[in-house]
4 protein chains.
Amino acid sequence: MTIGFAIFGCGRIGRMHADVVAQNPHARVVWTYDVHQPSAEAVAQKHGAKAAPTVDEALGDPEVRAVLIASSTDTHVDLLTRSVKAGKAVLCEKPIDLDIARVDACWAEIGPLEPVIQLGFNRRFDPSFRAVRQGIRQGEIGKVELVVITSRDPGPPPAAYIQVSGGLFRDMMIHDFDLARFLLGEEITQVSAMASNLVDPEIGRLGDIDTAMVTMKARSGALVHINNSRRAVYGYDQRIEAFGEKGMLRCDNKRATTILRYGSETTAARDPLLNFFIERYADAYRQEIDAFIDCVQNGSTPSVGFADGRQALVLANAAYESLHTGRAVEVG
Amino acid sequence: MTIGFAIFGCGRIGRMHADVVAQNPHARVVWTYDVHQPSAEAVAQKHGAKAAPTVDEALGDPEVRAVLIASSTDTHVDLLTRSVKAGKAVLCEKPIDLDIARVDACWAEIGPLEPVIQLGFNRRFDPSFRAVRQGIRQGEIGKVELVVITSRDPGPPPAAYIQVSGGLFRDMMIHDFDLARFLLGEEITQVSAMASNLVDPEIGRLGDIDTAMVTMKARSGALVHINNSRRAVYGYDQRIEAFGEKGMLRCDNKRATTILRYGSETTAARDPLLNFFIERYADAYRQEIDAFIDCVQNGSTPSVGFADGRQALVLANAAYESLHTGRAVEVG
Amino acid sequence: MTIGFAIFGCGRIGRMHADVVAQNPHARVVWTYDVHQPSAEAVAQKHGAKAAPTVDEALGDPEVRAVLIASSTDTHVDLLTRSVKAGKAVLCEKPIDLDIARVDACWAEIGPLEPVIQLGFNRRFDPSFRAVRQGIRQGEIGKVELVVITSRDPGPPPAAYIQVSGGLFRDMMIHDFDLARFLLGEEITQVSAMASNLVDPEIGRLGDIDTAMVTMKARSGALVHINNSRRAVYGYDQRIEAFGEKGMLRCDNKRATTILRYGSETTAARDPLLNFFIERYADAYRQEIDAFIDCVQNGSTPSVGFADGRQALVLANAAYESLHTGRAVEVG
Amino acid sequence: MTIGFAIFGCGRIGRMHADVVAQNPHARVVWTYDVHQPSAEAVAQKHGAKAAPTVDEALGDPEVRAVLIASSTDTHVDLLTRSVKAGKAVLCEKPIDLDIARVDACWAEIGPLEPVIQLGFNRRFDPSFRAVRQGIRQGEIGKVELVVITSRDPGPPPAAYIQVSGGLFRDMMIHDFDLARFLLGEEITQVSAMASNLVDPEIGRLGDIDTAMVTMKARSGALVHINNSRRAVYGYDQRIEAFGEKGMLRCDNKRATTILRYGSETTAARDPLLNFFIERYADAYRQEIDAFIDCVQNGSTPSVGFADGRQALVLANAAYESLHTGRAVEVG
């Protein structure tokens, strides 16, 4: 049976998700909602859906079995709670919330309902990252000892975004915190952070950082390094490296073409990297939604859920504590 | 206005094309036809189209503005002729026909109608190959002097296919002949071929070859090398290299992931190549159909037409003549 | 005038250095010395030199203008002091000593003599690393923001070596501490370390670590990450990456051949990395000695001296302090 | 016992060979000779050897056990014959002669003496090419089906050189003809050539070509492609590719560093290729001389001898015949 979706939030990411839902043969967009009504209408029209005047109208429709939350972060907890209470499966963009207390309160309320929730950690669905994780699982590199995650945006967001973002660790590195847990398959016990404001002084004035390095230790003793920058002029730089007793698995970036240019000054020069997440993770977003639809269809549990969203936030908070105290911070 | 398509031939390639047409916002599949009726029905059902009992029924529908011919080669000329006479724009899979006399007779009949015909040389639409062509056009490597085209299938087709294929030069290398013309932007004047039957003795028994090298000279004196094999165990190997007075442009193959594996025996080992044309040229097929739809919408002339299809066949025939006579054959 | 060398320490590294000295057209080996006399004699014989019964005999020879110290670490300060007092130029293997107090006492004694001392940080002379540094200097990547140094040995040393090594930070990562300063061209102000014993339990029993990550901040706010492992089964892994406002410069590893292997399971598989420092840094060792000989000939100051050796030890000590206190440690 | 060498021809290649001989612990340069006496003296002085006033004086010295012929091509047969008659082992630069009749006459004279002759096909000793050959021998790619050899000089030689060179096929592609035989381990039976004058009109005026493609068939049916250009602005381009039933082996070029440059326009851009043969084949030249010295010491037969030099010339001549007749030419 086709799974009806309500899309909450019709900005860039919401639109992209709606397209992916529409392409899945087992799902269709039924309702769209956005505080900015015309955005909701545009997406609705594209997919033969209806723009809901209120969230409740969409949630009240029994045809809607799944909700996709891609609205602004401060609305996540409310929409998630209401959707779960309405009996819907939910695919919620990260982060759940910037405030761990609100996250815990949310779970206290919805946890007992045993909800089907998938967290929008898209990178877990990237085919290359999955191949690394699979290689690790299959013992290809033995015990994992070092993980290095490189994650750099092509350019800094506007100040208005920075102000409500929760800061680099909660907004940007949160993906990498999750990726570390995904790759290791075990919990982090220690977090240490160092950071600077080098890219844009405005970011510093807003109390945030734009250049950061975090080191973490996992239960097994494996060490993880993450580095972030808000500006890589050569494109969106997304690499991982997992090193262990029997070898190493790495992923390189993606480019628009495979061209190699040879001239008198340089050779084998390649294209810039794909510019940003919509292009870079196009396959991942598709896999993410397909996996979610699969779970809804089969009643199975999403591979990445509420607890993963919470734990990534715990690590981000620990990174801030480390940054402010100069100490390595123990985590649960 | 949405452009209605009739899909003639609903085998693997026809199905793939139908999917691409369906994804284009300006087009939709209206009719499907296949000598094997259930195939036509399956594709029709998937896209909300109708399976036509006869070609004429589809051609008679004024909603159909475009025809996509993906049936067996021996039906191309007939379907192309009828479609053009019915006033339709046509995207016809290569080759037009295996017999140059039939090709010329076809054109004598339809040429005066000034038809809109695009030939299915999908590789011209591959983003990487296009980037090479664009680099050449923009003078990045100056005058082109050497072109090397590597084109190897992952495995040989069944004997039944070989028998009706027209032989390696007309069936397989025909893409490379066209690619050479596309890259050079000028005509070939000389063709020399050497070939062997090394992959499958059955292919030899059928009078065909499975391993071949062709050298060609263009009007400017630029030289072109093409090599083909019917079996590359590491996947579908599709590379081009254009070398000129100011540098070189090359394209590498595509893989499912960007993973690099390091162990005690080898390092930086990558995935096998994408297995075959459906996967390897997925982007190209999309660009090809989008470009065709664009032409139909705007009344512009396709960038690759009937004459290109004919010229590729001329080169394939010249390659056979060279193979049989041991001489370089003059063309054009 | 040919520069006469005394080689102190004729183990593996001493022998290698002697070979390089012998190949330089402006230098020759005059004396060799080793506590194990036959080692000294073997090297002497190979290069037409004399094996000195005592250090003083070599230092007393006016033909000796330069001393190369490649003996065990605990002898460095003594030999360095005596050589300087004898008026010789000295190329001293790292580290100067494991004890910063002894290092400072040494300098208090010899500093006033304005000695010509080059520290054996061979990696500064690697052509690829130099090209990165040169690119940075020339502004190719603008202001440097992130530096990532990967440095992993092919396999752990024997326990006996570990016991006298001073520990991973002083024995192994000391090269990377120096490399960070070399690349940045500025001083480090903060050091934070995390480490584990994952490779060999024996190393842990000896109180040492074998897997480590260090994060550092430079005066400008630039961040540096170093990771070390005592065992990389795919070979000696030595990479650097410098990232800045205008781009990135990276160095890949070296292999014995450029072969790429394609099979049905993997493609483009390369050789293991060169196994260890003698092979990997062969060019660097040659450049290092040639640069030193150049300094002795021209009376110029070596580009890497006593103070650099001291500063690398300061950073190693700070790393230990961070490891033990769990705090980021401020350095001078 | 140390093997004494006479070096005949002290130009750039002779000097390079002399350096390599001098570095081998089992050999030393005893005599040098050059029609330009000061060249001979310079090399002699560098290596503590004597400059011979005549060839005979060097050949008369019993200390000379080996002769290295690096003089101009037209002197090879004479020097080779005299050296063999004087009982010396000979390492002779390619080609033996430009005239196959002279080559055969030479052999008629010296063959009965069962001489120790190694032909200077340096590429056979390149570690990467050897690794490909070894992989083939060990069955890594099964039966070889396609070989592609790319060989492009960084820039054209002066007209004066072109005039006496014997033409591109005998002067430049002769290395590739030999390499094809080396890789295949079997004989070529058919040669077909196509060529142009695109790089330098002066070369055309001298009746030569500067851009060429040759296709060959081996006894087994395996096909070989070679392409040559006298000008690659990105450096000396030397690549091979061997393709077979079980996979493929390729070699990439060598560069001065492993640096990868990332900017806003291009990424992973590498250095130009090593400029020319002295740098590119430095390792190969060393291995070549070491292998020769080994043969002289042990009385074993060089792996590449007179017959190989002759056969490469046969293939070059066949290429010319094909170029002039437009036919594939059968050989031996």
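The values are calculated or read from the model by the stated rules, or taken from the named source; none is laboratory data. Only a predicted model underlies this, so the values are computations on that prediction, with no experimental measurement involved. Neighbour counts are summed over all protein chains in view; Cβ atoms, including those assigned to glycine, are modelled from backbone coordinates with ideal geometry. Surface accessibility is based on the protein's heavy atoms, side chains included, excluding ligands, DNA and RNA. Shrake-Rupley method; radii C 1.70, N 1.55, O 1.52, S 1.80 Å.
Overview of results
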| read-out | value |
| --- | --- |
| Average projected area [Cα convex hull, segment C:1-43], square nanometres | 2.5 nm² |
| Interchain or long-range residues, amide H under 5 Å from B:Gln190's placed H | B:Lys217, B:Val331 |
| Hz values of 3J(HN,Hα) by residue in segment A:192-201 - Karplus curve (6.51, -1.76, 1.60), Gly and Pro given as x | 9, 10, 9, 7, 9, 10, 10, 7, 9, x |
| Heavy-atom accessible area per residue - segment A:265-332, 1.4 Å, Å² | 41 Å² |
| Viscosity 1.002 mPa s, temperature 20 °C, Stokes-Einstein D of segment D:215-332 from Kirkwood C-alpha radius, µm²/s | 117 µm²/s |
| Quarter of the Cα convex hull surface for segment B:58-98, i.e. its orientation-mean projected area (nm²) | 2.5 nm² |
| Kirkwood Rh, angstrom, segment A:15-78 [1 / mean 1/r, Cα pairs] | 12.0 Å |
| Candidates D:Ile203, D:Ile259, D:Ile136: whichever shows maximal mean-square fluctuation once chain D is modelled as a Gaussian network with Cα springs under 10 Å | D:Ile259 |
| Per residue solvent-accessible surface (Å²) - segment A:1-77, probe of 1.4 Å | 44 Å² |
| Relative contact order %, segment B:174-332, counting alpha carbon pairs below 8 Å whose residues are six or more apart | 28 percent |
| Contact order normalised by residue count of segment B:25-150, Cα under 8 Å, 6+ apart, percent | 16 percent |
| Solvent-accessible area buried by D and C, counting both chains, probe 1.4 angstrom, square angstrom | 1800 Å² |
| Pseudo-label separations to other copies for A:Glu202 - Cα-to-Cβ vector, 7 Å, nm | 5.8, 5.9, 6.7 |
| In order through segment D:133-149: 3J(HN,Hα) via Karplus (6.51 cos²θ - 1.76 cosθ + 1.60), integer Hz, x for Gly, Pro | 4, 5, x, 4, 4, 7, x, 4, 10, x, 5, 6, 10, 9, 10, 10, 10 |
| Average Cα contact separation per residue, chain A, under 8 Å, 6 or more apart, as relative contact order % | 19 percent |
| Equivalent ellipsoid dimensions for segment D:104-158 as semi-axes, Å, which come from the Cα gyration tensor, largest first | 29, 22, 12 |
| Restricting segment A:29-101 to GluC sites (Glu not before Pro) in coil, as DSSP defines it, with at most 16 other Cβ within 10 Å | A:Glu63 |
| Minimum Cβ-to-axis distance in chain C for the rotation onto chain D, with residue, whole Å | C:Gln23, 4 |
| Carbon plus sulfur fraction of accessible area for chain D, probe 1.4 Å, in percent | 49 percent |
| Geometric extent, Cα atoms of segment B:186-250 - Rg, Dmax (angstrom) | 14.8, 46 |
| Trypsin sites (Lys or Arg not before Pro) restricted to DSSP loop in segment C:154-238 with at most 16 other C-beta within 10 Å | C:Arg219 |
| Debye-sum result for segment B:80-214 in log10 I(q)/I(0), which assumes one identical scatterer on each alpha carbon, at q = 0.10, 0.13, 0.15, 0.20 Å⁻¹ | -0.44, -0.74, -0.94, -1.26 |
| Alpha carbon centroid spacing (whole Å) that separates segment D:204-264 from segment D:154-193 | 13 Å |
| Distribution of pairwise C-alpha distances over segment A:1-110, 10 Å bins, in % | 16, 51, 28, 5 |
| Exercise: per-residue mean of other protein chain Cβ atoms within 10 Å, A:320-331 | 3 |
| Electrostatic dipole magnitude of chain A [Cβ: Lys, Arg +1; Asp, Glu -1; Cα centre; debye, to 20] | 700 debye |
| Other-copy label distances relative to C:Gly111, 7 angstrom Cα-Cβ extension, nm | 6.1, 8.0, 9.3 |
| Kirkwood hydrodynamic radius over Cα pairs of segment A:144-286, then Stokes diffusion coefficient at 10 °C and 1.306 mPa s, in µm²/s | 96 µm²/s |
| Shielding of A:234-244 by partner chains, average beta-carbon count, 10 Å | 4 |
| Equivalent ellipsoid semi-axes, the protein assembly as shown, via Cα gyration tensor eigenvalues times 5, rooted, Å | 56, 50, 22 |
| Copies compared at C:Glu63 - label distances in nm, ascending, label defined 7 Å from Cα in the Cβ direction | 2.2, 10.0, 10.2 |
| Residue-by-residue Karplus 3J(HN,Hα) for segment D:15-24, coefficients 6.51, -1.76, 1.60, Hz, glycine and proline x | 4, 4, 4, 4, 4, 5, 4, 5, 7, 6 |
| Inter-chain shielding of C:190-203 (mean C-beta neighbours from other protein chains, 10 Å cut-off) | 4 |
| Principal axis dimensions, largest first and in whole angstrom, of chain A by Cα | 57, 51, 47 |
| Net charge, B:Ile100 excluded, C-beta distance under 13 Å - Lys, Arg +1, Asp, Glu -1 | -1 |
| Beta bridges by DSSP in the protein assembly as shown, antiparallel share as percent, to the nearest 5 | 55 percent |
| Interchain or long-range residues, amide H under 5 Å from C:Thr211's placed H | C:Ser196, C:Leu198 |
| 0 to 90° range, to nearest 10: angle between helix D:306-325 axis and chain D longest Cα axis | 40 degrees |
| For B:Thr267, distant residues with modelled amide H under 5 Å away | C:Arg270, C:Asp271 |
| Probe 1.4 Å, protein heavy atoms only - accessible area per residue of segment D:82-185 in square angstrom | 34 Å² |
